[in-house]
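Since the structure comes first, as structure tokens, the remarks are kept for the end.
The values are calculated or read from the model by the stated rules, or taken from the named source; none is laboratory data. Bear in mind that the values here come from a model prediction, so they are computed numbers and not experimental data. Here the Cβ positions follow ideal geometry from the backbone for every residue, glycine too, while neighbour counts run over all protein chains shown. Only protein heavy atoms, including side chains, enter the accessible area calculation; ligands, DNA and RNA are left aside. Shrake-Rupley method; radii C 1.70, N 1.55, O 1.52, S 1.80 Å.
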Amino acid sequence: MDDCIFCKIIKGEIPSKKFYEDELMIIIEDISPKAEKHYLAIPKKHYKLFTDMTEEDGINLGKCIRKIGELAPSLGLENGFRFVINQGDDAEQTVFHLHMHLLGGQKLTSCDFRKNAKKQ
Ligand code: AMP
Ligand code: ZN
């Protein structure tokens, strides 16, 4: 999608701190981290919502999730992490390209998903 920020990051048109890339997804650092470690795992295919997913998209998303589990220790998430997908208006989704938030590197008891951890 031409006006999608994550598509532009995937294409390298907007810079990002990239930790991983394969044929299905990239993992980057969130620009406004809500925890000590905050990554975005972004499937390369553009679609907005769970409910937009085709069967093939679902299979590929499953592969991405398995890979995230494998990569977690190398991302500093060996003690656990929170896995969040914001879907739609009530979840205040702001980027309309499906993505998974990986939050960790700390106890998440007081983690406020909408508050930048660096400004707390
Ligand atoms: P959501 O609110 O679930 O749609 O999440 C969008 C996330 O993308 C937010 O946590 C933003 O901080 C993050 N974000 C927006 N622009 C960028 C960018 N250029 N690089 C990295 N993360 C970004
Ligand atoms: Zn996109």
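At 1.4 Å probe radius, can you tell me the per residue accessible area of the chain in Å²? Walk me through the numbers on the way to the answer.
Values: 7270 Å² over 120 residues.
Per residue, the chain has 61 Å² of solvent-accessible surface.
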For the chain, averaging the sequence separation of alpha carbon pairs under 8 Å that lie six or more residues apart and dividing by its residue count, the contact order in percent is 33 percent
Can you give the angle from 0 to 90° between the axis of helix 55-71 and the longest principal axis of the chain, with both taken from C-alpha atoms, to the nearest 10? 30 degrees
Any idea how far the Cα center of region 11-35 sits from the one of region 49-98, in Å? 13 Å
Over the Cα atoms of the chain, compute the convex hull volume and normalise it per residue, giving Å³. 111 Å³
Can you run phi through the Karplus equation (6.51, -1.76, 1.60; θ = phi - 60°) for region 105-110 and list ³J(HN,Hα) in whole Hz, with x for Gly and Pro? x, 6, 5, 9, 3, 9
Given a 1.4 angstrom probe, I'd like the percentage of the accessible area of region 13-86 that is carbon and sulfur, rounded to a whole number. 51 percent
Partnerless Cys - the chain, beta-carbon criterion under 4.7 Å: 64, 111
Mind listing the phi-derived Karplus ³J(HN,Hα) values for region 3-19, rounded to whole Hz, using 6.51, -1.76 and 1.60 with θ = phi - 60°, and x for any glycine or proline? 9, 9, 4, 6, 4, 5, 5, 4, 7, x, 7, 10, x, 8, 8, 9, 9
What is the packing order of peptides 10-16, 38-44, 71-77, taking the mean over residues of other C-beta atoms within 10 Å and listing the highest first? 38-44, 71-77, 10-16
When the dipole is taken about the Cα centre of region 1-82, and only Lys, Arg (+1) and Asp, Glu (-1) are charged at their Cβ, what size is it in debye, to the nearest 20? 200 debye
